[in-house]
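The values are calculated or read from the model by the stated rules, or taken from the named source; none is laboratory data. Everything quoted here is computed from the prediction, not taken from an experiment. Reconstructed Cβ throughout: ideal geometry from the backbone, glycine too, with neighbour counts over all protein chains shown. Accessible surface areas use protein heavy atoms only, side chains included; no ligands, DNA or RNA. Shrake-Rupley method; radii C 1.70, N 1.55, O 1.52, S 1.80 Å.
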Amino acid sequence: MAIRLTKEALEYYVLTCLSIQEMYGAQILKSVNENVSITSTALYEILASLEKDGRITRKTTVKNG
């Protein structure tokens, strides 16, 4: 059963996931949703906030050229 966390706790959870390995948003969502209830919209808002605060950096990749 997934639990609900505060925004701060979700940020910490996301940062913990990213400290273990680099992940795409979908990978984070899959990992987080195993234990915590979060929507993709909420996750991407958290990622944007963390990026704005300088706590994470977005890494862009090019597929097929």
What would the Debye formula give as log10 I(q)/I(0) at q = 0.16, 0.19 Å⁻¹ for the alpha-carbon point model of the chain, no solvent?
-0.51, -0.70
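Are there any chymotrypsin sites (Phe, Trp or Tyr not before Pro) in the chain that are in a DSSP loop and have at most 11 other Cβ atoms within 10 Å? List them by number.
Hits after loop and neighbour filter: TYR24.
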Ordering 46-56, 27-37 by per-residue average of other C-beta atoms within 10 angstrom, highest first, gives 27-37, 46-56
Karplus-derived 3J(HN,Hα) from phi for segment 47-59 (6.51 cos²θ - 1.76 cosθ + 1.60, θ = phi - 60°), whole Hz, x at Gly and Pro, runs 4, 5, 5, 5, 5, 4, 6, x, 8, 9, 10, 6, 10
With the label point 7 Å along the Cα-to-beta-carbon line of ALA9 and a cut-off under 13 Å to each amide N, the hits in segment 22-44 are 35-38
Scan around VAL36 for amide H atoms under 5 Å from its own, H built in the peptide plane at 1.01 Å from N, and keep only partners 5 or more places away or cross-chain.
ILE3
Summarise the accessible area of the chain (1.4 Å probe, protein heavy atoms) by the percent that is carbon and sulfur.
53
Could you run the Karplus curve 6.51 cos²θ - 1.76 cosθ + 1.60 with θ = phi - 60° over segment 26-37 and give me ³J(HN,Hα) per residue in whole Hz, x for Gly and Pro?
5, 5, 4, 4, 5, 5, 5, 5, 5, 10, 10, 7
